[in-house]
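**Student:** Quick one: structure below, then a few questions.
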Amino acid sequence: VTNPIVSGIPVDNQAVVSPDAKFRDMNKAEWAKKAVINLANAGIVSGDENGNFRPNDYISREEFVTMLVRAAKKYNENASCDFTDVPKTAWFYSYVASASEYGMVHGISEDSFGAGLALTRQDMAVLCLRAKGDVAKVREAVSFADGDEIADYAKDSVSRLYMAGAVNGMGDNKFVPLGNATRAECAQIIFNLFLK
């Protein structure tokens, strides 16, 4: 029986992975292979029904929050939230509600979570820092060439996660804050923060 899949995230925390979490397509993002395999073995990420992880696909806000809630072990099946775009019948409702209850997400507006939207790199950093809390500094801060493009609400998160060694730039000393985060990037940062 195939577990129901919505955008690569299984319902009811039933991971669909190939044996020993050896996804067929991780050759497309070798740099993230260790992170993805470790997260899969921990039940934090999963592949699709064909045994692919799709590492270079963009990730939606609800997919990322699901991964983050699992990694931070902050899931509460009885949690509730009032975001107008997160219906109680949605597969991700309890994950978004859990994240909201623990103060990890505040939405993109007063009543909207941003379900279905691609996750930006700066929001990835903000959500991760809220989920993790304090992080240890292992290197000095850096001034990204596109630092002025990082939203004010995300500047501290990006800086602290960089100094913690959890995130890096994208080449040419740029962070690309408004770029869409990929599944591989998200797996790597979650691995760096919660499993490394």
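**Student:** Only one residue in Ala145, Ala136 is small (Gly, Ala, Ser), out of contact with any Asp or Glu (no Cβ under 9 Å at 6 or more places or on another chain), in a loop (DSSP other than H, G, I, E, B) and open to solvent by 30 Å² or more (accessible area, probe 1.4 Å), so which one is that?
**Tutor:** Working: Ala145 fails: out of contact with any Asp or Glu (no Cβ under 9 Å at 6 or more places or on another chain).
From the options Ala145, Ala136, the qualifying one is Ala136.
**Student:** Would you mention how many residues in segment 103-133 are crowded, with 19+ Cβ neighbours inside 10 Å and either in a helix (DSSP H, G or I) or free of Cβ contacts under 8 Å to residues at least 12 places away in the same chain (or both)?
**Tutor:** 11
**Student:** For segment 32-68, which residues satisfy the criterion of being outside any helix (DSSP H, G or I) and of a type in the set (S, T, N, Q)? Spell out how you get there, then give the answer.
**Tutor:** Filtering segment 32-68 for residues outside any helix (DSSP H, G or I) gives 42-60.
Selection gives Ser46, Asn50, Asn52, Asn56, Ser60.
**Student:** Another question about this same structure. Identify, from the list Ala29, Ala71, the residue that is at pLDDT 95 or above, part of a helix (DSSP H, G or I) and not acidic (Asp, Glu). Give the steps one after another, and end with the answer.
**Tutor:** Working: Ala29 fails: at pLDDT 95 or above.
One residue alone meets the criteria, Ala71.
**Student:** Among the residues of segment 19-58, how many are acidic (Asp, Glu) and surrounded by fewer than 14 Cβ atoms within 10 Å (Cβ to Cβ)? Break it down into steps so the answer makes sense when it comes.
**Tutor:** At the first step, the residues of segment 19-58 found to be acidic (Asp, Glu) are 20, 25, 30, 48-49, 57.
After this cut, where a residue has to be surrounded by fewer than 14 Cβ atoms within 10 Å (Cβ to Cβ) as well, the list is 20, 30, 49.
The total comes to 3.
**Student:** Please give the number of the condition Phe64 fails out of (1) in contact with a Ser or Thr (Cβ under 9 Å, 6 or more places away or on another chain); (2) aromatic (Phe, Trp, Tyr); (3) at pLDDT 95 or above.
**Tutor:** Result: Phe64 passes all but (1).
**Student:** Right, next: Name the single residue, out of those in segment 174-196 being closer than 13 Å to Phe64 by Cβ and among the polar types (S, T, N, Q), that is most open to solvent (accessible area, probe 1.4 Å).
**Tutor:** Asn180
The values are calculated or read from the model by the stated rules, or taken from the named source; none is laboratory data. Predicted, not measured: the structure shown is a model, and the values here were computed from it. When we count neighbours, we look across all protein chains shown, and the Cβ atoms used for this are built from the backbone with ideal geometry, even at glycine. Keep in mind that these areas ignore ligands, DNA and RNA; they rest on the heavy atoms of the full protein, side chains included. Shrake-Rupley method; radii C 1.70, N 1.55, O 1.52, S 1.80 Å.
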